[in-house]
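Report on the structure given below.
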Amino acid sequence: MVVAHRDKLVQQNAAALRGLIGDENVGTYAAGMFKRDKHHAAIVAMRDSIHRRTRELGRFDVVMIDECHIQGAKIKTIIGD
């Protein structure tokens, strides 16, 4: 699973994975893109779309977070500052 916080990053990651492992193996889970794919070898997901739905997606051996850094910025997260 790859988790990102922007539609553009979800699209870019999905395209890159499809190039590596094929279209049929990559799903997208992003409410803003009207996609809720769950049954693929790899899922590229929007952070806010899976926040409370991780059990729906099952277990993954690897979870990668794209752009988990926001250098020097004060951020508000889902679980607090």
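The values are calculated or read from the model by the stated rules, or taken from the named source; none is laboratory data. Only a predicted model underlies this, so the values are computations on that prediction, with no experimental measurement involved. Positions of Cβ are backbone-derived with ideal geometry, glycine not excepted, and every protein chain shown enters the neighbour counts. In case anyone asks, the SASA skips ligands and DNA or RNA and just uses the protein heavy atoms, side chains included. Shrake-Rupley method; radii C 1.70, N 1.55, O 1.52, S 1.80 Å.
Do we find that residue 3 is closer than 17 Å to residue 66 by Cα, among the β-branched types (Val, Ile, Thr) and in contact (Cβ under 8 Å) with a residue 60 or more places away in the chain in this structure? Against the criterion (closer than 17 Å to residue 66 by Cα, among the β-branched types (Val, Ile, Thr) and in contact (Cβ under 8 Å) with a residue 60 or more places away in the chain), residue 3 qualifies. When restricted to residues that are touching a strand residue (DSSP E or B) at 6+ places or on another chain (Cβ under 7 Å), farther than 15 Å from residue 26 by Cβ and not aliphatic (A, V, I, L, M), region 48-66 contains 1. With a requirement of 1 or more residues that are at pLDDT 95 or above and either at positive phi or open to solvent by less than 40 Å² (accessible area, probe 1.4 Å) (or both), the helices (runs of 4 or more DSSP H) lying completely within the chain that satisfy it span 7-21.
Annotation: of all residues in region 1-47 being acidic (Asp, Glu) and in contact with a strand residue (DSSP E or B) (Cβ under 9 Å, 6 or more places away or on another chain), the one that is farthest from residue 59 (Cα to Cα) is 7.
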